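Heads up, the thing below is written out as structure tokens.
None of the figures in this text is laboratory data; all of them are computed from the coordinates on show. Owing to the predicted nature of the structure, the values given are computational and were not obtained by experimental measurement. FYI the Cβ positions are ideal-geometry reconstructions off the backbone, even for glycines, and counts take in every protein chain you see.
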């Protein structure tokens, strides 16, 4: 399985990497259509000009090709070679200008002389080229020819794509990543790859207690478009969620950025994992990050955190041409899938359970969960490989006592001084006997 | 008084001890009828077969006599000698079997060779005999005769019995003990004896701020029967309550097991007493205990704790024939009554008071609680033996300021750095002037 | 400005000091009418006999003159010389009595032989004279003549006077002082002087985010009269308030007594100032103080604290003739005005702001608050003298994220590790762009 999963994702990467995506337009839509082969995505497109909270959906950018010729006629930049050369959302240009006039339209990184930076200007009409600082330094005075073949479709729009893997409860876990950068690897494709990988893993789970919503959207404006149509649904059904980003880098542990509320299922559970150094964790900040900034804005205040491995801003390859397949390691992507699948499996039993027989103690004896005859010796019987008899009975009684719909199972495990995973069999036994139900959102 | 109280309770003990009680049946009903001579109990009987939350009320057990004869015809066990010999709720049997066939029906305690254990099987139809391990070891191979004279009445039921000692407030304190074991002393009769003793003490109190409900029921199923009919009343009126159990052993201090809520009147007040080592205290656990497990189940979550002296499970006499009058000391029972009466007397003034003139400061001057003329010298007048004048005025102002119906008087006493008892006179003065009222359940 | 403010207030002091005020009557009404020249006061008079919560408004005291002659006919006390000589609310008397009969009607301070004490008896009909202990010691046996010219008007009443300086929000800050003592300086006139001074300062503020209510009333009964008519308005609109008292003494720092709630705007902000030793602070107590005792009574529990400089009870001049202009320093009064104006200016931006674009991040780019083009270098631009560019952007994002109508700006400043004052420009920018609004009382 692991080998074929590697090949499966590797092929997807190779197919998606060359496409010139943006927050709208054919490249983005082609990428979504391609991914739809592997997940049954429903695509919604919000029309350009639509007011989305404080924002207006921009016109759709149709980009064909961008070229820059030097004074001697040689081709300096050609987006067909590397789509990072064009400032994303550049307007159409066909002109000749001096180097001096050209300079404000050029972008490079002085301290990374080989890297072509990634630059955007979605909401301010302009144009530009990105090139390596080395190449820029060699430009000589003279007349340059600029030809940018693009246009803006005022009747276009910004799409988002989602699918729901339904489970026993209508309470949802939202797993979201973004799709909007051109040829970038860790900071663009690692998230969608992990999303696809998790989808296929979870499809095979014998049961899902939560329902799982998978979402792909262009960053910021795309999540705002999604929120504009679904925020009421989320307010009612969202248990917690994760924004997935930068999951293919060399770091070993995952890093979780908590939700602004700080009290979500993942905030609590990963908090426990971080106490044991299994995860890294940091509090919410509005100063940087990804779409969790929108979900956690004060009007929504949704329980959405963000997961990354090698984070935006700390790796020098961020937002430039060095963020390529050589930097993003597919083994690291698969390791992220592994870690996240384990997290989600535990999250399934970490949430709030509801005692379905909450008035008095349920009669355990008639269900074979308690000795029917009360003698001096039958208290120490062992009937389970993970927990011995008395320990299992203690777990049963403690879980039933605490399952008021407001208490997290991970806190019950802590109270029992047992790892959450060791409770899985007891929890399943209680579910089979219809003594508890997970994730109903109801409280006593 | 103390001598006659001793004799009064001692006679009750001697009359009740020999009766073969169970969770239903003539022995239990005779015991309740006997106690009704000393407390005006109202008896409710819930019919066999009634669904009580997750439980079904079992048929009523009518037991006459159980005998076991050895191969040589000698009488090995006879319930007329000790009613612990019969497994409680044994079905009728009249048969001859081999020792090998008999063995699974015998119960003894290997590490307590002289003790006859107490064994029950209320919800699983079976039969059995209990005997000392010493006696069991001497049984020889051969044919045994078993004769158990009992029958089950499907039209019977499980009773509970209660009485209300009404007070100034409709807020109630529930004092409950169980009645369901045959001849056991500390673990059966000490609780009812303390309940009867307290009833007679409190009958003579000059006033009762709370109303007091006294309850006797067979453990577990009986409290569930009571709850099935009264839980809504309790949700509205119960201030706090105590399950009384094992109150006649040799320990000096009482031990309080807190309610699951952990915020009841007794949770708070006994918490303060435990800080001064006057009481022992432990948190709620669903793993063992008495009827507080039912009251504190998540659907009810009532403010019920449990009081014991020498606790179930820690004394080797627990649930066997060694728990007799020699072990249970009547002086210890009376000491428990003394300690609990003091607790309840203080609890009367430890709860939430309501300022009846809460808008601005009441005009204390017109009530003689404040100097009417404001001079440089009249601030230090002393008018009270317990608190001097200024200290009393401070107490008055602090109590009035804090009595919002949500603040416990015991916390006000702590704030004043005064023992709760020293505030009794001030509190009574404020009550006489209709400036505060206790235990209304209202808040500002 | 400072010199004329000094002269302005000094004149007011000199005009008000000689008037014999009480909790009702011509002296009090004349004082209010005089102050009305400088603040547009609305006067409300609550009729004698009106029930005001637990109190009854007393008859109005009309006092003309009180004299006491000795056995030799010499004039011992004459209220025309010092109005402290008469026990406030003395009934009319015209009689001759022995020294022995007179003594219970005389008041002096043995440990302050030169001081004439201030004594009142509002609610108990009596009469008396106050004099220095030195003078009292020299009284010789014989017949004394007492003549007190006063009467009680059962159709009078107790007045209070207020004015509102309206601001952008209907949320109010209440600034209140009392007016009811005769010729006392620090403990009577310093409060009204500070109130008048603050009114004139705030009249000139370019904007007021809160509305400010200024209130003068006789202590205790006057604040109860005010509350009886306005407590519902306060429950809805009061953000926080200050009782001003004893603000002209020699102490340097102001001392704040917190509200009973302990969570008001001033409780929090002055708490931060006290941590840096800029203010002194103490918790609420009902045992002594001024009108905050009425506002913080449990039925109201309003967010009212009290500010003083040299506090009642700790200066020996309290409530006697030594509390005069020599003791109360007008420079200290003006210093109190300065400190309180600074406090109120900061309080304007310390409260709860509401993000007006709370759904997602507002689009800062279109408002020039965020770079429209995202390049590797444009993150460090500086555009502000107080905060550099990135620090300002961080402040903007943090304020927007936290402004849920429930979070105090002073806590946001603490989170940013910046002094509150340094945020003023950012806050004003966000207000200009209609991204936040202060003090609406709404929450998200």
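Annotations
- Gyration tensor verdict on the stretch B:261-410 (Cα atoms; rounded if a/c is under 1.5, prolate if a/b is larger than b/c, oblate otherwise): prolate
- R0 of 22 Å, Cβ-Cβ distance residue C:442-residue C:235: FRET efficiency to nearest 0.05: 0.85
- For the protein assembly as shown, projected area of the alpha-carbon convex hull averaged over all directions, nm²: 65.9 nm²
- By the helix-only formula, in which each DSSP H run with n ≥ 4 contributes -39500 (n - 2.57) and the sum is divided by residues, the protein assembly as shown has a 222 nm mean residue ellipticity of -9000 deg cm²/dmol.
- Scattering profile of the stretch C:180-303 at q = 0.10, 0.12, 0.18, 0.20 Å⁻¹ [log10 I(q)/I(0), Debye over alpha-carbon scatterers]: -0.33, -0.49, -1.19, -1.46
- Between 0 and 90°, nearest 10: helix A:389-402 axis offset from chain A longest Cα axis: 70 degrees
- Zone of residue C:434's modelled label, taken as backbone nitrogen in the stretch A:50-66 under 17 Å from a point 7 Å along Cα→Cβ: A:51-56
- Rounded if a/c under 1.5, otherwise prolate or oblate - the stretch A:263-325, Cα gyration tensor axes: oblate
- Counting from the shortest, the label point at residue A:203, 7 Å from Cα toward Cβ, is 7.8, 7.8 nm from the same position in each remaining copy.
- Sequence of A:89, C:288 once ranked by neighbouring C-beta atoms within 10 Å, starting from the fewest: C:288, A:89
- Antiparallel DSSP beta bridges within the protein assembly as shown, percent to nearest 5: 65 percent
- DSSP bridge pairs, the stretch A:154-233: antiparallel proportion in percent, nearest 5: 40 percent
- Rounded to the nearest 5, the antiparallel percentage of DSSP beta bridges internal to the stretch B:60-153 is 85%.
- Angle of helix B:2-16 to the longest C-alpha principal axis of chain B, folded into 0 to 90 degrees and rounded to 10: 30°.
- To the nearest ten degrees, helix B:26-35 and the longest principal axis of the Cα atoms of chain B are 30 degrees apart.
- In nanometers and ordered shortest first, the copy-to-copy spacing of the residue B:338 label point, defined 7 Å from Cα toward Cβ, is 7.0, 7.0.
- Mean-position separation - Cα centroids, the stretch B:12-70 and the stretch B:103-129, in angstrom: 20 Å
- Annotation: for a label point projected 7 angstrom from Cα along Cα→Cβ of residue C:72, residues of the stretch C:126-143 with backbone N closer than 18 Å are C:134-143.
- Separation of the residue B:424 and residue C:100 label points, Cα + 7 Å toward Cβ, nm: 4.5 nm
- Kirkwood-Stokes translational diffusion coefficient of chain B, alpha-carbon pairs, 10 °C, 1.306 mPa s, µm²/s: 66 µm²/s
- Once the mean of 1/r is taken over each pair of separate Cα atoms and inverted, the stretch A:100-180 shows a Kirkwood hydrodynamic radius of 17.2 Å.
- Ascending list, in nanometres, of distances separating the residue A:261 label from those of the other copies (7 Å, Cα toward Cβ): 2.6, 2.6
- The mean number of partner chain beta-carbon atoms within 10 angstrom of a residue's beta-carbon across peptide A:104-112 is 2.
- The stretch B:416-436 and the stretch C:139-161 have Cα centres lying 37 Å from one another.
- The mean count of C-beta atoms from other chains within 10 Å of the C-beta of residues in A:353-365, rounded to a whole number, is 6.
- Calculated SAXS-style log₁₀ I(q)/I(0) at q = 0.15 Å⁻¹ - the stretch C:101-256, Debye, Cα scatterers: -0.95
- Based on C-alpha pairs under 8 angstrom that are at least 6 apart in sequence, chain B has a relative contact order of 15 percent.
- With semi-axes defined as the square roots of five times the eigenvalues of the C-alpha gyration tensor, the equivalent ellipsoid of the stretch C:352-439 measures 21, 16, 11 Å, largest first.
- Cα-based Rg of the stretch B:60-153 normalised by 2.2 N^0.38 Å, two decimals: 1.00
- Counting Cβ atoms of other protein chains within 10 Å of each Cβ in C:113-122 and taking the mean gives 3.
- For the stretch A:310-370 and the stretch B:196-249, distance of Cα centres in Å: 48 Å
- Once both labels are positioned 7 Å from their Cα atoms along Cα-to-Cβ, the gap between residue B:8 and residue A:37 label points is 9.2 nm.
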